Every structure is written in C-alpha cells, then in structure tokens.
Amino acid sequence: MLDAQIGNASYNDVAWNSAAVRGLGRLGSVELTPKFLEMARNAKSPLAPSALIALGDLHDVRAVEIARADFASRNTEILTASARAAGSLVALPGVRADDVRDRLASLLTDLGAPQEARTAALESLVALHDRLNGALAQAVRDAGLE
C-alpha cells in the first residue's frame with residue numbers, strides 16, 4: 001500500500017511521501033531499491049533526499065556515486081542526505097571511497113555549509129570513527145575556541 005502511494009503522481013503530500021520512503025528504507029524494503037535509485041538520481045525530485053537516505057539504510061553501494069555527486073549540491077536537503085547516506089555506505093565492507101570520507105570531513109569544517117549538513121557529516125564521521133580528529137580540530141580553530 002505504501003509503495004503504491006509513493007509511486008502515485010496524484011498523491012502530492014511530499015512530507016508524507018518522504019516519511020514513507022525513509023520508513024521503507026529503514027524497514028529493509030529491498031524490493032523498492034530500483035525505485036529509490038531512480039528517485040535519488042533525480043536531484044529535482046522532492047523525494048531525492050529521502051530516497052538517498054533510504055538507499056543508505058538499505059546498504060545499496062550503487063548509492064555511493066549519487067552521494068559523491070550530491071556533495072556538490074547547494075540544496076541543503078540533498079547535501080544533508082548525502083552526508084547521512086555516505087556514513088552508512090562507506091562503512092560497508094569492500095567500499096573504497098576515501099574521497100567521500102574526505103568530503104565528509106571537509107563538509108564538517110566548512111563554515112559556509114548549512115548547519116544540518118555539517119551535523120550530518122559529524123554524525124557520519126563519528127559512526128565511521130574516521131577523520132574526526134583533524135576535522136574537529138579545524139572546526140575548533142575556525143570557531144576561535146582554542
């Protein structure tokens with residue numbers, strides 16, 4: 001029922017659809033992965049951020065490329081979703097994405113980046129136990145907290 005409503009173009013409640021996409025990802029609905037990939041690849045879709053987060057929850061490594069590209073976005077929701085999904089995806093065995101880890105650290109220290117995206121980058125780096133010391137040291141220096 002939920003997946004039918006997500007695909008129904010006449011159902012325009014973006015908040016509900018976003019919650020449904022994220023919920024289905026958390027519930028492990030792998031059969032919807034192709035639909036989520038399609039949504040996440042369309043940066044103009046209002047469901048793209050939720051679809052990318054769902055793909056991260058589903059551990060679909062194909063979403064690494066989407067997250068990588070989305071780090072260049074100026075859209076706060078897309079950038080935040082990229083940081084959240086990246087944390088889940090680059091932790092997977094066999095995923096080589098040092099550049100994505102570096103982008104998470106750069107995002108954390110970027111004073112001009114949206115706070116939501118910086119927070120998502122911090123949470124991902126904490127979960128990865130990676131590149132956190134340097135990024136936090138830079139953030140402390142930038143904030144004048146030394």
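Going residue by residue through segment 11-20, is there one that turns out to be open to solvent by 30 Å² or more (accessible area, probe 1.4 Å), under 16 Å from residue 124 (Cβ atoms) and in contact with a helix residue (DSSP H, G or I) (Cβ under 8 Å, 6 or more places away or on another chain)? Looking for residues that are open to solvent by 30 Å² or more (accessible area, probe 1.4 Å), under 16 Å from residue 124 (Cβ atoms) and in contact with a helix residue (DSSP H, G or I) (Cβ under 8 Å, 6 or more places away or on another chain), one finds none in segment 11-20, hence no. Among the residues of segment 88-113, those that are within 14 Å of residue 72 (Cα to Cα) and outside any helix (DSSP H, G or I) comprise 110, 112, 113.
Criterion applied to 4, 51 was being under 19 Å from residue 116 (Cβ atoms) and either among the aliphatic types (A, V, I, L, M) or at pLDDT 95 or above (or both), and the one residue passing it is 51. Kindly provide the set of residues from segment 44-79 that are in a helix (DSSP H, G or I) and more than 16 Å from residue 21 (Cα to Cα), ordered by number. Correct list: 64, 65, 66, 67, 68, 69, 70, 76, 79.
In the set (1) in contact (Cβ under 8 Å) with a residue 12 or more places away in the chain; (2) more than 19 Å from residue 103 (Cα to Cα); (3) open to solvent by 40 Å² or more (accessible area, probe 1.4 Å); (4) not small (Gly, Ala, Ser), residue 62 fails one condition alone, (2).
The values are calculated or read from the model by the stated rules, or taken from the named source; none is laboratory data. Treat the numbers as computed from the prediction; the structure is a model and nothing was measured. Neighbour counts are summed over all protein chains in view; Cβ atoms, including those assigned to glycine, are modelled from backbone coordinates with ideal geometry. The area values use the complete protein model at the heavy-atom level, side chains included, leaving out ligands, DNA and RNA. Shrake-Rupley method; radii C 1.70, N 1.55, O 1.52, S 1.80 Å.
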